[in-house]
């Protein structure tokens, strides 16, 4: 977050993203934090400069001295700045207007609005450019978040905001439910003007598409990535990608499979020994090691669920069930849900692994649940998989009738392990022994479970799509992140972080993932999203990727109408180290 040196202390630069078609554009407007608490028009009118910062160039786009009738209009978390008022029919268009009507009117009205404002705001050159390119304007349909209309002219975004002028002659933001309704008479739009007026926001350059290498490099640095890949072309299919893999990456080797079991059992036993012998001040290190080793059990069960562990399929189910028991994870319920994640990766509603919260869903939550969600998606996000574990895997109603018998067997195994194992641990070591030897390593496992899962598929530039716009190759190749972790973590976790080839084909065993990844890099490396695990990457995910918006991608909790002290504090505390 940057603050312009000529702006007062309470004005900050906030990103606002908007997707048009298959491209996502980023641009910023000044945001007044105080306006969330008390929208005081008199206080707003004291501001004498306006600015817009291009996220693409991080430079001052426009700064002008305002006339006496300057108005700053807060619409949700965005601020529109201008100094010109005019009676334009654009202000009266309601959400019930037909899209075709808006498409016909906007190319005419938007340039007019800019032209009228240009002499006052110093944008005459841009206004003339827009008027010369009227045919290039692409109008967006009305939305109920306060933005009356938007149009694209070249590389500029033009916003028009509706205002209401009260009897005290003070301009206030107008909500859509209070706007006059557009009526049609004999095929013509009839709009009561009254005291309704329109102002236009200053225009700022919008970012180039992700096909621009320099823009991708800038986003990679900003988000903590080492590379953000090019968009995957729509004509590339998942079969095209799979066909480029050599046959040896699919070969199952029983010796290599049992070697992973030996590594995990040995590392986990060593961790328990360290917990038993370590002084209190070294216990966190022992817990970190043991929790990471426990993640190896999950990866072994993960391979068994995908039938990529052994040539003996019955043995795979037995090993998978046993590997999941120390984690209190029911094997079959997880397998059924995880298969759907692979079939519908990054598909809205359908992806079962890391489903984002959409604005409509969030707004329906009671306030206490919203507060809990802000906590879970912010500072506690590295343990959010606990909620997924508890909420998705223990209710029979979550599964098809054909799946429920196998689910019951897995649940019985888990409950038997808890009924025998937990009392035995407590009997031998006491309740604090249960905390030391099981609970803390279990929390360490969930740290990695949560971290791996969110890093694999969560970034501001990686979209979730509905079923109509979803593309398998784009989701699996372009929507999956390869992240390098410390080598000891990758060894204990059996390369689960080498995730792109696993999403290309789940039949690749964990011990062949690196070979498959190098093969994919040779053929498809320019589409890879890659990162080294770092503070900036985690900060981006934990402070930006909160509420999913189909038009804007992710927005942070504190970019919406509500404030979030938790996220603000997290943003200040977390280092921004790449």
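The values are calculated or read from the model by the stated rules, or taken from the named source; none is laboratory data. Source: prediction; values computed, not measured. Neighbour counts run over all protein chains shown; Cβ positions are idealised from the backbone, glycine included.
Annotations
- Number of the condition not met by residue 258 [criteria: (1) in contact with a helix residue (DSSP H, G or I) (Cβ under 8 Å, 6 or more places away or on another chain); (2) surrounded by 13 or more Cβ atoms within 10 Å (Cβ to Cβ)]: (1)
- Annotation: residue 469 fulfils all but one of (1) surrounded by fewer than 18 Cβ atoms within 10 Å (Cβ to Cβ); (2) within 20 Å of residue 226 (Cα to Cα); the unmet one is (2).
- When 439, 375, 411, 443 are screened for being assigned by TED's automatic domain parsing to the domain that holds residue 274 and free of Cβ contacts under 8 Å to residues at least 24 places away in the same chain, only 439 passes.
- Scanning segment 275-297 for residues that are in contact with a helix residue (DSSP H, G or I) (Cβ under 9 Å, 6 or more places away or on another chain) and either modelled with pLDDT under 95 or not in a helix (DSSP H, G or I) (or both) gives a single hit, 278.
- Tally, over segment 490-524, of residues that are out of contact with any helix residue (DSSP H, G or I) (no Cβ under 9 Å at 6 or more places or on another chain) and surrounded by 21 or more Cβ atoms within 10 Å (Cβ to Cβ): 0
- Residue in segment 222-240 that is over 19 Å from residue 522 (Cα atoms), touching a residue at least 60 places away in the same chain (Cβ under 8 Å) and surrounded by fewer than 15 Cβ atoms within 10 Å (Cβ to Cβ) present: yes
- When segment 368-416 is limited to residues that are over 19 Å from the mean Cα position of the chain (by Cα) and not in a helix (DSSP H, G or I), the one that is surrounded by the fewest Cβ atoms within 10 Å (Cβ to Cβ) turns out to be 400.
Residue by residue, here is whether (1) part of a helix (DSSP H, G or I); (2) under 23 Å from residue 492 (Cα atoms) holds:
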site	(1), (2)
273	yes, yes
299	yes, yes
307	no, yes
315	yes, yes
320	yes, yes
334	yes, yes
340	yes, no
352	no, no
362	yes, no
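- Restricting 429, 458 to residues that are surrounded by 15 or more Cβ atoms within 10 Å (Cβ to Cβ), touching a residue at least 60 places away in the same chain (Cβ under 8 Å), over 15 Å from residue 325 (Cα atoms) and in the same structural domain as residue 320 (by TED's automatic domain parsing) narrows the list to 458.
- Here residue 245 meets each of (1) assigned to a helix (DSSP H, G or I); (2) modelled with pLDDT of 95 or more with one exception, condition (1).
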